[in-house]
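Reviewing the structure listed below.
FYI, it's all coordinate maths here, none of it is from the lab. Not measured: the values here are computed from a predicted model. Positions of Cβ are generated from backbone atoms using ideal geometry, with glycine treated the same way; all protein chains shown enter the neighbour counts.
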């Protein structure tokens with residue numbers, strides 16, 4: 001990867017981890033938080049979208065629509081996963097499996113032929129994320145299950161009012177959480193390849209593409225918001241700062257990724273963007289004072305090694 005691609009990926013990782021940190025602090029938002037973040041993002045990026053707007057073919061319109069649906073499905077799978085299991089179980093599974101599947105899809109569907117060092121790098125990134133997640137799963141079995149604050153995909157937070165989970169329920173809940181995480185990973189791979197095709201082959205401007213996709217997600221969730229105006233108003237009053245952070249940094253991070261897709265293969269960019277996991281570990285350690293065991297540190301180091309291998313490919 002070139003220095004430009006590395007810079008785009010690093011910027012995307014920091015943006016992603018930062019809005020995730022904000023979303024974790026939003027309690028009880030649910031779909032109202034998703035809708036508010038999508039609404040603010042659509043309005044905030046509208047002037048730039050007008051600048052980058054261009055005529056769209058029917059194929060481009062179809063791809064944008066499908067992308068919006070896939071992204072929303074990804075959010076909903078994560079939300080359901082966070083109802084039954086800890087964030088630290090579901091999120092690493094989704095983010096770890098998604099890049100690996102993206103690499104395979106890029107090879108099989110896009111005809112990309114990454115060199116061996118790129119495949120090694122992709123494998124190291126995925127292995128590191130799985131190691132980080134495995135440590136979280138071990139801590140998750142000790143504890144809390146549903147009812148904690150949870151992060152929903154591209155910018156939401158949700159909580160549940162489920163009763164406390166007994167020890168006998170933990171293994172089943174964790175298996176379900178892993179299942180939802182892996183299912184979300186499948187959608188990550190799908191929208192990664194689809195979105196890369198949109199900016200590489202259909203030549204849709206990345207910012208315009210993301211704005212259109214975000215507007216579709218806002219429209220899809222609007223019926224929920226219209227039926228619950230009081231809840232939406234309460235979420236805005238309590239979490240407007242988090243809404244603004246997610247609405248600005250969420251699209252920004254993904255737009256940077258889309259631009260990276262125009263400069264490098266999906267099989268290299270998709271795993272490298274998971275540097276956000278490493279940034280998240282650092283945020284948890286330095287800002288949230290979370291304990292960082294040897295397993296997480298080792299996993300983060302392996303991720304960095306994988307990204308270096310991708311950069312050298």
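Its alpha carbons considered, the stretch 3-63 gives a radius of gyration followed by a Dmax of 15.7, 41 Å. Going from the residue with the fewest nearby Cβ atoms within 10 Å to the one with the most, 93, 1 rank 1, 93. The mean sequence distance of close C-alpha pairs (under 8 Å, at least 6 residues apart), as a share of the length of the stretch 177-313, puts its relative contact order at 26 percent. Highest average first, the peptides 270-281, 193-204, 209-220 ordered by how many other beta carbon atoms sit within 10 Å of their residues are 270-281, 209-220, 193-204. Taking other Cβ atoms within 10 Å as a rough exposure proxy, 71, 54 sort from fewest to most as 54, 71.
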